[in-house]
Amino acid sequence: GSKWWKLFNSWAKGTNMTNRNPAPDTSGDFKTDLLKHVPRARAFAHILCCYRHREADEIALIAFKQAKALRSQLIESGVNIEIWMLQTILAEWRSCVLERRHVTSDNAFLDAFSLLPDGQIEALAAVRGLDLDYKASAILLGVARGTVKSRVNRANQALMDTLGDALIPEPLAA
């Protein structure tokens with residue numbers, strides 16, 4: 001929460017966090033592009049983290065800080081900022097897998113979702129959470145399109161087997 005929004009809002013307004021003086025805006029296009037993708041990047045982090053808001057915001061904040069620190073390199077490379085942010089969030093989430101596996105919630109769906117293999121969680125988060133098509137999801141995840149389809153289908157089946165059709169919050173069939 002608040003740590004994320006404090007940094008986000010200060011940077012969005014072009015202020016320096018330590019002295020509150022306006023910072024020179026030398027990256028208007030980059031800043032605009034980055035800010036445009038932050039809500040979707042945060043949503044991706046929240047889905048991956050099974051809506052554990054604090055963990056998700058920390059992961060999104062790491063990606064945001066890295067983008068800010070690597071601004072020059074990202075601009076020079078012409079990289080797609082949204083894909084870069086999503087891949088950074090995915091990498092950070094993967095590094096937290098062991099800690100994440102031992103946390104449970106009071107929501108049966110989220111508990112079942114968090115117990116899926118990582119590849120299936122990632123595929124569902126990309127296809128269903130971000131509403132990416134299979135091709136874009138494959139690029140984001142660094143796997144073949146068929147692998148994404150297979151992971152989504154296996155995840156759907158595992159959730160239906162665990163929870164029953166009535167407990168799944170929305171249709172997940174591909």
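Structure values in brief
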item: Residue check for D25: surrounded by fewer than 20 Cβ atoms within 10 Å (Cβ to Cβ), assigned to a loop (DSSP other than H, G, I, E, B) and at pLDDT below 80; result: yes
item: Matching residues in segment 118-138 - criterion: being open to solvent by 40 Å² or more (accessible area, probe 1.4 Å) and in contact (Cβ under 8 Å) with a residue 24 or more places away in the chain; result: D118, R128
item: Residues of segment 155-174 satisfying the condition of being within 16 Å of A126 (Cα to Cα) and modelled with pLDDT of 70 or more; result: A155, N156
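The values are calculated or read from the model by the stated rules, or taken from the named source; none is laboratory data. Please read all numbers here as calculations on a predicted model, not as lab measurements. Positions of Cβ are backbone-derived with ideal geometry, glycine not excepted, and every protein chain shown enters the neighbour counts. Surface accessibility is based on the protein's heavy atoms, side chains included, excluding ligands, DNA and RNA. Shrake-Rupley method; radii C 1.70, N 1.55, O 1.52, S 1.80 Å.
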